[in-house]
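One structure below.
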Amino acid sequence: MVGRFAPSPSGLMHLGNARTALLAWLDARARGGEMLLRIEDLDRDRCRPEFARAIRDDLAWLGLDWDAETRPQSLRDPDYTAALERLSQRGLVYECFCTRRELAAVASAPHSSDDRQAAYPGTCRELTEAQRERLRAEGRRPALRVRMPEGAVEVRDRLHGSRPRPVGGDVIVCRSDGLYAYQLAVVVDDAADGVTDVVRGDDLLGSTARQVALQQLLGLPQPAYAHVPLMLGEDGERLAKRHGAVAVADLRAAGATARDVVGALAGSAGIGDGRAAAAAELIEGFELTRVGRRPWRLAPGTPILSAI
Ligand code: GLU
C-alpha cells in the first residue's frame with residue numbers, strides 16, 4: 001500500500017494536523033507500506049514555502065518519516081490541464097459565469113463545509129453560445145464546471161463503511177482566476193502518485209463523493225479512504241489558529257519533547273496509554289479501524305498544553 005501526507009502549507013502544523021499525520025503514518029508503517037509527502041500548495045495566495053519547510057521539520061521531529069516527496073501541487077498545472085482536456089473532449093466541461101461570491105465557497109478550501117451546501121442549481125449548464133459571448137463581453141470571466149452524474153456514488157471508507165453518498169451537483173474544476181480547484185487536483189495527484197490509501201480528517205468526508213465521481217469520469221482508481229475524527233477546539237469547532245498556541249512548533253519551542261506530543265496524540269485516539277512514546281514504538285499491533293471514533297476536544301487543561 002502507498003499512503004501519503006498531503007499538508008497545505010498555509011500555516012504551521014497544529015496538533016490536529018499532527019494527529020491525522022500520525023494515524024496515516026502508523027497505518028502505512030504497520031502494514032509495511034510506503035509513505036509519500038506531497039505539499040498541497042494549490043492556492044498560491046495562502047501557501048508559503050516557509051510553512052512547507054516548517055511542516056517538513058515538524059514531521060521529521062515527530063518521527064513521522066516519508067519515503068519520497070512527490071511534486072508539489074504548484075508544479076502540476078500541466079497534469080490538471082490534461083485532465084481537464086480529457087473531460088472537455090467528452091463534452092463534460094462548461095463555462096460558469098455565476099459571481100465570484102457565489103462560487104467562492106464551493107471552489108476554494110477543501111474544508112469549506114461543502115457537504116452542507118446546496119448543490120449547484122445548474123444556472124449556466126445550458127447557456128447558448130450567444131449568451132456566453134454576451135457575458136464575456138460584459139467582462140465576466142468564467143469558471144469551469146464539470147457535469148457530474150446525478151445522484152450518488154459508492155464511497156469506500158474503512159471507518160465509515162461503503163455506502164452511496166450524494167455527489168451534490170456540478171463541480172468547479174477551475175476557478176475564474178485560473179486556479180485549478182482542489183477537488184480536481186487531489187484526484188489527479190493521488191492517481192499520479194500511485195496512492196492506494198488516503199487517511200485524512202473527516203471534515204473531508206462530505207466532498208469525497210465528488211472526488212470519487214471525478215475519478216470515475218477520468219477512469220482513475222478509487223483509493224481506500226479512511227476519514228479519521230478531527231481534533232476540535234474547546235468550542236467544538238475544527239481546530240484553528242484562533243484557538244491559540246496549538247502549533248507543534250510552539251510546543252517544541254516551549255520545551256515539549258516529540259515523545260510527549262506523540263504520546264498525547266496517540267492517547268487521544270485510544271492508542272497506548274497517553275504516556276510519552278516515540279512514533280515508532282506505536283507501530284506494532286496498530287490497527288486503524290480500532291482508533292477512537294470521537295473527535296478529541298482540546299480543553300485548556302489538556303496536559304499536552306501545560307508545557308506552554
Ligand atoms: N491538503 C489538505 C489539508 O491540508 C488535505 C487533503 C487530503 O488529505 O486529501 O487539509
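Each value in this text was obtained by applying a stated rule to the coordinates, not by laboratory testing. Since the structure is predicted, the reported quantities are computational estimates derived from the model, not experimental observations. Cβ coordinates were reconstructed from backbone atoms using ideal geometry, including for glycine residues, and neighbour counts include every protein chain displayed.
One table, with the values for the structure above:
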{"read-out": "The chain: antiparallel DSSP beta bridges as a percent of all, rounded to 5", "value": "55 percent"}
{"read-out": "GNM result for the chain, Cα springs below 10 Å: residue of PRO221, PRO295, PRO78 fluctuating most strongly", "value": "PRO78"}
{"read-out": "Cα→Cβ-extended label distance, 7 Å offset, between ALA130 and ARG31, nm", "value": "5.6 nm"}
{"read-out": "For segment 38-98 and segment 122-188, distance of Cα centres in Å", "value": "18 Å"}
{"read-out": "Peptide ranges 91-99, 14-22, 34-42 listed from the most packed, as the mean C-beta count within 10 angstrom indicates", "value": "14-22, 34-42, 91-99"}
{"read-out": "Normalised contact order of segment 129-209, rounded percent, pairs of Cα under 8 Å and 6 or more residues apart", "value": "28 percent"}
{"read-out": "Computed helical MRE - 222 nm, the chain, DSSP H runs ≥ 4 contributing -39500 (n - 2.57), nearest 500", "value": "-10000 deg cm²/dmol"}
{"read-out": "Cysteines without a disulfide-compatible partner [the chain; Cβ-Cβ under 4.7 Å]", "value": "CYS47, CYS98, CYS174"}
